[in-house]
Amino acid sequence: GTVLVSGASGFIALHIVSELLKQNYKVIGTVRSHEKKEKLRRQFQHNPNLFLEIVPDISQSDAFESVFKKHGREIRYVLHTSSPFYYDTTEYEKDLLIPALEGTKNMLNSIKRHAADTVERVVVTSSCTALITLAKASDPNVVFTEESWNEATWDNCQIDGVNAYFASKKFAEVAAWDFVKENAGHIKFKLTTVNPSLVFGPQLFDEDVREHLNTSCEIINDLIHTPVDATLADFHSICTDVRDVAKAHMYAFQKENTVGKRLVVTTAKFGNQDILDILNKDFPQLNGVIPLGKPGTGDQVTNSGATTDNSVTRKILGFEFKSLCETVHDTAAQILKKENRL
Ligand code: NDP
């Protein structure tokens, strides 16, 4: 079968593309520029099963039209991963909300127009941010689950990049489920969403380790480069591993028990202290170079605040997620290797 992956050059998407090629799928990936197309072709060693098309901006209503005109009849599965993930903007609508929402709608409309009776499964990469209401995240009585929805509105989310990004994923996911309801009988495909928490783990290709990494991995990159005497921000969240997220995307279109589900992929709560503890323990070359903080006290932070319960998803997927230690270790090891510090 042929799989269309939007945003193929992204941190998560590269792991998905790699897994698809390993499993002998024909992959059509979209990237934003000619340069990215050439780079990916080289990185995947000109794999004859990988076809790349240029889609500069998913916000444009005809973004995916040419891809479907060219390949529409053979595409069986669509994995829509592209969506802006950064916080550093004040143009919330243009940079975050519109591409997330319209990008998703444009993809689904192109499927309907060109491949309504041939695309069988669609996976939208959503996020835990689609279920977490930021204002409730520090409330210890709150439990977020596969049933939860971020309560942010289009207007009240536009206060900072974080709130706007969180809400952008909610609007995009809601639009996808609404589309399926509104078009029942006119489309063949079944929808599944994958909702990861912050995704850590190695870049698929070592060469993509740069001074600044993608938004989620940058959290670890930043701690590795924090001077020993710096005061730590009390940052905490939930996280998971990119290899598990890629695997969840595979199950999301391959398995029957994932049809119509929101797969909430999250492994553990963590705070900066937990990451520092792992870095200091696993990499002695960082001792005295990065802060120690207060070793072993991370659970003071992680035991407080809301909980995310994804036991439904864990049962559906049926595989063990990589531990926080493993994902932090592997992310850091790749960075240190690139810097000749391993
Ligand atoms: P990346 O930034 O690495 O990937 C995002 C991809 O989307 C890139 O290929 C990017 O292209 C593309 N993209 C963004 N905006 C546009 C646009 N307007 N038009 C066309 N393409 C666009 O991040 P991740 O791999 O982390 O994110 C992938 C998906 O996973 C996103 O949907 C994100 O919301 C979701 N997610 C990520 C989490 C994480 O912690 N990493 C957690 C939960 C969900 P380019 O780089 O060329 O701009």
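The values are calculated or read from the model by the stated rules, or taken from the named source; none is laboratory data. The shown structure was predicted, so the numbers you read here are calculated from the model rather than taken from an experiment. Ideal geometry is used to build each Cβ from the backbone, glycine not excepted, and the neighbour counts take in all protein chains shown. Please note that ligands, DNA and RNA were not included when accessible areas were found on the heavy atoms of the full protein model with its side chains. Shrake-Rupley method; radii C 1.70, N 1.55, O 1.52, S 1.80 Å.
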- For the pair GLN23 and LYS94, the simple spin-label estimate (label points 7 Å beyond Cα toward Cβ) gives in nm 4.0
- Plugging the Cβ-Cβ distance of LYS338 and VAL180 into 1/(1 + (r/R0)^6) at R0 = 30 Å yields, to the nearest 0.05, a FRET efficiency of 0.10
- Task: Summarise the accessible area of region 242-342 (1.4 Å probe, protein heavy atoms) by the percent that is carbon and sulfur.
- Result: 51
- Query: Using the Cα atoms as the points, what is the convex hull volume per residue of the chain in Å³?
  - Reply: 133
- Query: Counting only protein heavy atoms, what percent of the accessible surface of region 47-136 is carbon or sulfur at a 1.4 Å probe?
  - Reply: 48
- Accessible area per residue, 1.4 Å probe, Å², for the chain: what's the number? 44
- Query: Toward the positive end of the charge dipole of the chain, about the Cα centre and with charges on Cβ (Lys, Arg +1; Asp, Glu -1), which of ALA167, VAL312, THR266 goes farthest?
  - Reply: VAL312
- So what is log10(I(q)/I(0)) for region 133-214 at q = 0.12, 0.17, 0.19 1/Å, when the Debye sum runs over its Cα atoms only? -0.56, -0.93, -1.01
- Query: Based on the mean of other beta carbon atoms within 10 Å per residue, what is the order of 289-299, 270-280, most packed first?
  - Reply: 270-280, 289-299
- Karplus-derived HN-Hα couplings along region 13-20 (A = 6.51, B = -1.76, C = 1.60, θ = phi - 60°), whole Hz, x at Gly and Pro: 4, 4, 5, 5, 4, 4, 5, 4
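Sequence gap at least 6, Cα distance under 8 Å: using those rules, report the relative contact order of region 3-63 to the nearest whole percent.
Result for region 3-63 is 33 percent.
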- Message: Let's see if you can work this out: charge +1 on each Lys and Arg Cβ, -1 on each Asp and Glu Cβ, no other charges. What is the dipole magnitude of the chain about its Cα centre, in debye to the nearest 20?
- Response: 1440
- Message: Per 0.36 nm of contour for each residue apart, how much would the distance between THR297 and ASP222 grow if the chain were fully extended, relative to their Cα-Cα spacing?
- Response: 25.0 nm
- Using modelled backbone amide H atoms (1.01 Å from N, in-plane), which distant-in-sequence or interchain residues come within less than 5 Å of GLY29's amide H? VAL5, PHE51, LEU52, GLU53
- Query: Beyond 17 Å, what percent of the Cα pairs of region 96-176 remain?
  - Reply: 50
- Task: Can you tell me which of 133-143, 211-221 comes out highest on packing, and rank the rest after it, using the mean Cβ neighbours within 10 Å?
- Result: 211-221, 133-143
- For the chain, with +1 on Lys and Arg beta carbons and -1 on Asp and Glu, the positive-most of VAL122, PRO140, GLN285 along the dipole: VAL122
- Item | Net charge over other residues, Cβ less than 12 angstrom from the Cβ of LYS188 (K, R count +1; D, E count -1) | +2
- Item | Electrostatic dipole magnitude of region 191-342 [Cβ: Lys, Arg +1; Asp, Glu -1; Cα centre; debye, to 20] | 540
- Task: Treat every Asp and Glu Cβ in region 1-118 as -1 and every Lys and Arg Cβ as +1, leave all other atoms uncharged, and give the resulting dipole magnitude about the Cα centre to the nearest 20 debye.
- Result: 600
- Message: Please compute, over every Cα-Cα pair in region 214-342, the percentage with a separation greater than 26 angstrom.
- Response: 29
- Computed ³J(HN,Hα) along region 251-256: with the Karplus parameters 6.51/-1.76/1.60, θ = phi - 60°, integer Hz and x for glycine or proline, the list is 4, 5, 10, 9, 9, 6
- Message: Over the chain, what is the relative contact order in percent, taking alpha-carbon pairs closer than 8 angstrom and at least six residues apart?
- Response: 18
- Note on the structure: Per the 1/(1 + (r/R0)^6) rule, R0 = 22 Å and r from the Cβ atoms of GLU326 and ASN287, FRET efficiency to 0.05 is 0.60
- Sequence of ILE111, ILE159 from largest to smallest accessible area, 1.4 Å probe: ILE159, ILE111
- Query: In whole angstrom, how far apart do the alpha carbon centroids of region 58-118 and region 149-187 sit?
  - Reply: 14
- Query: Tell me, what HN-Hα J-couplings in whole Hz come from the Karplus equation 6.51 cos²θ - 1.76 cosθ + 1.60 at θ = phi - 60° for each residue of region 200-212, using x for Gly and Pro?
  - Reply: 9, x, x, 5, 4, 10, 3, 5, 7, 6, 10, 4, 10
